[in-house]
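Asks: Please find one structure pasted underneath; my questions will follow.
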Amino acid sequence: MAGLAVGRASNLVGTVTLNLALDVTYDVAELVVGGSHRVGRVQERAGGKGVNVARVAATLGHQTLVLGFVGGVTGELVAAELFDAGLTALLTPIAGETRRTVAIVNGVDGDATIFNEAGPTISADEWRAFGERMPWGRLGVLACSGSIPPGLPADAYAEIAVRARHHDVLTVIDAGGDALLAAAKAGAVVRSNAAELREAVGDVEVEDGARQLVALGATAAVITDGPRGMVAASNKGVWRALPVEQVSGNPTGAGDACTAVVAAAVAESPDPDWSVVLKSAVAASAAAVLTPVAGDIDLAAYRRWQPQVTVK
């Protein structure tokens, strides 16, 4: 992989968001606990980490497919917004109502107060139907991220990874803690941040923790390390990419942008040059911070920063 060029279509990047949501954002002049507020603007958008991954991958020129569960009126709104955004989706219907997340943005300082619903309970039959509808033959990679809804096992993403390997499809799983360990043991490419990594393997240096995940069975491990950059490990070595410059803005979509780049790279090759992947991942993550909404990136900044990232 010589680089992730904007506008180049790749093998299909499937993204799994088991707990899809309708993200609702209210803008208020000032948030006062216990007070009554007049909402200045309301925004509604299909949400969930996997959806953010699909949006970034599509922006970078890759074909994507959003997979997940939808139910009720809220699920219909999610499906309609995905269609309006130009994202192809294969959604499994459920009896429960798709969750909402509510963000209240304070006009005084721009901070957001966020309320995340747990999500609907997924039945065993609905989980089975989701697996049966998976279009394995079309997928170049399957990226799994976001919370696990009630009713599903904690290692649901690892279970998907095992199924995927039977169909010669690699998975990229964004997880932390026990779910991260399970994903590594299932042979996935795993992605997490430094705090999630240490939650799983203990208080170690990021490079050592990434090596441990590979030793457990992960095809590769990509760990974001805040202002210290990003680390990747495979059975061929360990690399650290350094950030180009300090970036301020909204960091909520930075990790999803990283996952999108990693997934696109794996779709192109099951054994990419991780030093090159890191350059694109760092640039995309930083470019995501410049945008107000998770799932978007500043393409001009991405193009400018990608060749400047240092990897050692």
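Asks: What distance in nm lies between label points placed 7 Å from Cα along the C-beta direction at residue 154 and residue 115?
Replies: Label at residue 154, label at residue 115, 2.9 nm between them.
Asks: Tell me, in nm to one decimal, what length is gained between residue 228 and residue 41 on full extension, where the rule is 0.36 nm per residue of separation less the Cα-Cα distance?
Replies: Values: separation 187, 0.36 × 187 = 67.32 nm, distance 3.64 nm.
Separation in residues times 0.36 nm, less the Cα-Cα distance, equals 63.7 nm.
Asks: Of the beta bridges DSSP finds with both residues in the range 32-182, what % are antiparallel, to the nearest 5? Before the final figure, lay out the partial values.
Replies: Working: 5 of 14 bridges.
Here the antiparallel bridges make up roughly 35 percent for the range 32-182.
Asks: Report the dimensions of the range 57-156 along its three principal axes from the alpha-carbon atoms, largest first, rounded to Å.
Replies: 50, 35, 27
Asks: Something else about it: Quick check on packing: order 37-46, 114-123 by the mean number of other C-beta atoms within 10 Å, highest mean leading. Write down the numbers at each step before the final one.
Replies: Values: 37-46: 13.8, 114-123: 16.3.
Averaged packing, sorted descending, gives the order 114-123, 37-46.
Asks: Moving on to the next point. Identify which of the listed values of mean projected area of the Cα convex hull in nm² was calculated from the structure shown: (1) 15.6; (2) 18.5; (3) 19.7.
Replies: This structure yields the entry labelled (1).
Asks: Moving on. Give me the dipole magnitude in Debye, nearest 20, for the chain about the Cα centre, with unit charges on the beta carbon: positive for Lys and Arg, negative for Asp and Glu.
Replies: Working: 24 positive and 33 negative charges, 154 e Å.
Roughly 740 debye for the chain.
Asks: Let me ask another. With unit charges on the beta carbons (Lys and Arg positive, Asp and Glu negative) and the dipole taken about the Cα centre of the chain, which residue among 246, 131, 270 sits farthest to the positive side?
Replies: Positive-most Cα among the choices belongs to 270.
Asks: Counting only DSSP beta bridges with both residues in the chain, tell me the antiparallel percent, nearest 5. Let's see the in-between values first.
Replies: Working: 24 of 58 bridges.
Of all bridge pairs located within the chain, approximately 40 percent are antiparallel.
Asks: Next question, about the same structure. Separation between the residue 90 and residue 32 pseudo-spin-labels, each 7 Å from Cα along Cα→Cβ, expressed in nm?
Replies: The answer from the label model is 5.2 nm.
Asks: While we're here: Provide the convex hull volume over Cα atoms per residue for the range 257-312, in Å³. Could you put the intermediate results ahead of the total?
Replies: Values: hull volume 4.0 nm³, N = 56.
Convex hull of Cα atoms, per residue: 71 Å³.
Asks: Excluding same-chain residues fewer than 8 positions from residue 279, which lysines have a Cα within less than 24 Å of its Cα?
Replies: Correct list for residue 279: 49, 236, 312.
Asks: Further, regarding this structure: Under a no-solvent Debye model with one identical scatterer per Cα of the range 123-193, what's log10 I(q)/I(0) at q = 0.15, 0.20, 0.22, 0.23 Å⁻¹?
Replies: After summing over all Cα pairs, the log10 values are -0.45, -0.81, -0.96, -1.04.
Asks: So, one more: Given the -39500 (n - 2.57) contribution per DSSP H run of 4+ residues, what per-residue ellipticity at 222 nm results for the chain, rounded to the nearest 500 deg cm²/dmol? Walk me through the numbers on the way to the answer.
Replies: Working: 10 runs with 110 residues, N = 312.
Using -39500 (n - 2.57) per qualifying helix, the result is -10500 deg cm²/dmol.
Asks: Separate question: How high is the FRET efficiency between residue 208 and residue 147 when r is their beta carbon distance and R₀ equals 22 Å, given to the nearest 0.05? Walk me through the intermediate numbers first.
Replies: On the way: r = 28 Å, r/R0 = 1.26.
For residue 208 and residue 147, the calculated efficiency is 0.20.
Asks: Let me ask something else about it. Within the range 221-255, list the residues whose amide N lies under 14 Å from a label point set 7 Å along Cα→Cβ of residue 310.
Replies: Only 228-230, 240-246 fall inside the zone, counting backbone N under 14 Å.
Asks: How big is the gap, in Å, between the Cα center of the range 143-206 and the Cα center of the range 85-122?
Replies: Computed from Cα coordinates, the inter-centre distance equals 22 Å.
Asks: Quick one: which of 256-264, 26-34, 280-288 comes out on top by average Cβ neighbours within 10 Å, and what's the full order, highest first? List each step's numbers first, then the result.
Replies: Details: 256-264: 31.0, 26-34: 12.3, 280-288: 28.1.
Ranked from most to least packed, the peptides come out as 256-264, 280-288, 26-34.
Asks: Residues in the range 67-96 near a label at residue 293, defined as backbone nitrogen under 19 Å from the 7 Å Cα→Cβ point?
Replies: Only 67, 74-89 pass the distance filter.
Asks: Let me ask something additional. If I take every Cα pair under 8 Å that is 6 or more residues apart in the chain, average their sequence separation and divide by the length, what percent do I get for the relative contact order?
Replies: Computed value for the chain: 17 percent relative contact order.
Asks: On to the next question. Can you give me the % of accessible surface on the range 193-312 that is carbon or sulfur? Probe 1.4 Å, all protein chains present, nothing else counted. Write down the numbers at each step before the final one.
Replies: On the way: 2450 of 4820 Å².
Using a 1.4 Å probe with all protein chains present, the range 193-312 comes out at 51 percent carbon and sulfur.
Asks: What does the C-alpha gyration tensor say about the overall shape of the range 1-134? Classify as rounded when a/c is under 1.5, otherwise prolate if a/b is larger than b/c, or oblate.
Replies: Values: a/c = 2.70, a/b = 1.34, b/c = 2.01.
It is oblate, given that a/c is not under 1.5 and a/b is not larger than b/c.
Asks: Still on this model: For the range 153-303, take every pair of Cα atoms, bin their distances at 5 Å starting from 0, and report each bin as a whole percent.
Replies: 2, 11, 20, 23, 20, 14, 7, 2, 0
Asks: Still on this structure, please answer the following. Write down the accessible area per residue of the range 223-312 in Å², having rolled a 1.4 Å probe over the full set of protein chains. The partial results should precede the final answer.
Replies: On the way: 3460 Å² over 90 residues.
So the range 223-312 comes to 38 Å² accessible per residue, rounded to a whole number.
The values are calculated or read from the model by the stated rules, or taken from the named source; none is laboratory data. In this text the structure is predicted, and so the values were computed from the model without any measurement. Here the Cβ is made from the backbone with ideal geometry for all residues, glycine too, and neighbour counts use every protein chain on show. With ligands, DNA and RNA removed, areas are computed over all heavy atoms of the protein, side chains included. Shrake-Rupley method; radii C 1.70, N 1.55, O 1.52, S 1.80 Å.
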